[in-house]
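Contents: one structure, followed by commentary.
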């Protein structure tokens with residue numbers, strides 16, 4: 001397997017997870033046996049005054065991965081990690097927005113306001129360097145539902161193989177509910193402000209077991225899963241937009257449900273972690289499902 005192929009497979013897996021990572025950097029001739037490098041995925045933001053953390057709030061360090069000509073990772077490759085200012089950094093703040101340990105990859109954000117984004121880098125040798133951008137955000141203190149109620153309703157055709165919005169005789173059918181949105185805010189001198197670019201974890205609480213099978217997309221998927229407006233595949237989290245809101249939806253694959261295993265209600269919860277601890281209570285949702293036969297025919 002080539003280094004390019006290995007990197008492509010890894011980035012495809014990251015996309016399925018809903019995370020972002022800088023692209024793999026590849027050169028024509030190897031340097032000390034290294035043909036390409038990649039930076040392990042990190043979340044899109046860091047809290048001002050805190051260290052970089054993973055989706056559960058645990059401290060995370062930058063980690064570069066080196067690949068040889070065959071595409072296999074090279075153990076023990078020595079990387080140098082650093083901070084590279086965006087153009088506006090030096091104009092708004094004399095201090096660096098991030099402090100990065102060049103050896104361990106530990107990242108800490110400045111607690112001073114004024115810098116919204118900053119870049120981190122992983123360098124191998126003289127020719128290979130990869131960058132990623134972090135948003136510096138306020139500490140989240142509150143997670144709440146955008147809708148006024150936790151109860152939603154969905155109707156779907158039992159034999160709908162398209163799993164997409166449709167028009168015509170059965171135009172009332174929608175196989176995605178996009179109302180599972182939450183809003184994340186943090187405290188400021190004037191009250192609550194939106195916290196953008198922050199990870200919100202979602203999970204289906206009930207039913208405890210969800211059947212899976214061949215989907216209309218040609219792959220194996222669960223009959224019920226959570227997705228968002230950016231990518232239609234099963235994910236377990238979403239990232240807040242500039243307004244601090246998510247766009248998570250429940251997707252139904254009707255052809256994988258029968259009268260025996262189709263649930264009448266799906267329970268979902270959203271959670272946010274800061275420094276390893278959950279912010280407030282989980283935000284619950286209930287989606288009531290109605291399985292309906294087509295205008296001509298019946299359900300299996």
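Computed quantities for the displayed model
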read-out	value
Residues of the stretch 212-232 classified as buried (at least 17 other Cβ atoms within 10 Å of the Cβ) and farther than 14 Å from residue 269 by Cα, total	6
Residues located in the stretch 112-140, provided they are surrounded by fewer than 17 Cβ atoms within 10 Å (Cβ to Cβ) and within 20 Å of residue 279 (Cα to Cα)	139
Only listed residue being over 27 Å from residue 51 (Cβ atoms), part of a strand (DSSP E or B) and in contact (Cβ under 8 Å) with a residue 12 or more places away in the chain, chosen from 183, 201, 267	267
Residue that is farthest from residue 138 (Cα to Cα), among those in the stretch 238-256 that are part of a strand (DSSP E or B) and modelled with pLDDT under 90	252
Residue in the stretch 96-106 that is under 28 Å from residue 236 (Cα atoms) and modelled with pLDDT of 80 or more present	yes
Test: residue 259 is more than 24 Å from residue 57 (Cα to Cα), surrounded by fewer than 22 Cβ atoms within 10 Å (Cβ to Cβ), at pLDDT below 90 and in contact with a strand residue (DSSP E or B) (Cβ under 9 Å, 6 or more places away or on another chain)	yes
Residues located in the stretch 58-84, provided they are over 25 Å from the mean Cα position of the chain (by Cα), closer than 30 Å to residue 275 by Cα and touching a residue at least 12 places away in the same chain (Cβ under 8 Å)	77, 78, 79, 80
Scope the stretch 188-211; condition at positive phi and crowded, with 20+ Cβ neighbours inside 10 Å; matching residues	197
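The values are calculated or read from the model by the stated rules, or taken from the named source; none is laboratory data. Source: prediction; values computed, not measured. Cβ coordinates were reconstructed from backbone atoms using ideal geometry, including for glycine residues, and neighbour counts include every protein chain displayed.
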